[in-house]
Amino acid sequence: MNNPNPGKTVGVTGLKRKAVFRSVGLLLVALLWPLTSVHASVYGLRLFGPMYATNGTGDTIKLNGAGTFDTVNGDVEVHGSYSIRNAAGAVIERGTWAATEFVSFESDGGLNNGLQGGELSLIVTLSPNDGPPEVGVPFTLTCPFENGVFDNPSCDLTVADFLTPAGGVMGFLLIKP
C-alpha cells in the first residue's frame, strides 16, 4: 500500500470507516432520490373550451386558457381570457387572467402517464379591459379521475366569488415526471 505519511499507518479500521461513510451516503441518495423524482413533476393544463362558474347574484364567469406548472419549483405559466355575464345574460366585463402564484396540485393519476386528473389551486390576477386589475384572486380547477375513469361532468372551476361550478371540460397533462 502506498502510504503518504510513512510515520503513520492506515489501519483496516480507517478504511472500513471511510467505506461505511461512503455506503451510508450512497444509501441516503438512493433512498431520497425517488422521493424527489416522484414529486418533481411538470404538468400542462388545458381548458377544452370554456369553463363556467356562477356567484350568489346570478353572474357567470366564463374562462378559456392553458399553460404549465411545476409542482416542485412552484413555477406557473397559466393564463387565458374571461368574460362575466350578469343574470340577464349581458356581458358586464371582459379581460385576461394570469396565474401569479402556484398554491398546490393534488394528482388523482390517470389512464396513462399523460392525461391526469386532480385539483389545482392557484392565485391569479384578473385584468379587465376597462378598469384596474384584481390581484390575489383564488382560483381552483378540479377534474376527478376516480375508479379508472375521468368524471368529466365533475370538472369544476371556482374563481374569486364565483364559487358554484357551472360546467366545462379541462385536463391536466403530465409533461415531465
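Can you find, within region 147-157, the residue that is modelled with the lowest pLDDT among those that are polar (S, T, N, Q) and open to solvent by less than 80 Å² (accessible area, probe 1.4 Å)? Show your work before the answer.
Step one: of region 147-157, the residues polar (S, T, N, Q) are 147, 152, 154.
Narrowing the set further to residues that are open to solvent by less than 80 Å² (accessible area, probe 1.4 Å) leaves 152, 154.
Numbers: Asn152: 62, Ser154: 68.
Ranking the candidates gives Asn152 first.
Tell me, please, whether a residue that is part of a loop (DSSP other than H, G, I, E, B) and within 16 Å of the chain's Cα centre (by Cα) can be found in region 161-174. Steps first, please.
First pass over region 161-174, keeping only residues part of a loop (DSSP other than H, G, I, E, B): 161, 163, 166-169.
From what is left, the residues that are within 16 Å of the chain's Cα centre (by Cα) are none.
No, there is no match, as no residue in region 161-174 is part of a loop (DSSP other than H, G, I, E, B) and within 16 Å of the chain's Cα centre (by Cα).
Anything in region 102-146 that is in contact with a Gly (Cβ under 8 Å, 6 or more places away or on another chain), assigned to a strand (DSSP E or B), within 18 Å of His79 (Cβ to Cβ) and open to solvent by 30 Å² or more (accessible area, probe 1.4 Å)? List them, or say none.
Across region 102-146, the qualifying residues are Phe102, Ile123, Ser127.
The values are calculated or read from the model by the stated rules, or taken from the named source; none is laboratory data. Bear in mind that the values here come from a model prediction, so they are computed numbers and not experimental data. Here Cβ is always computed from backbone atoms with ideal geometry, including for glycine, and neighbour counts include all displayed protein chains. Protein only, heavy atoms only, side chains kept; ligands, DNA and RNA dropped before computing areas. Shrake-Rupley method; radii C 1.70, N 1.55, O 1.52, S 1.80 Å.
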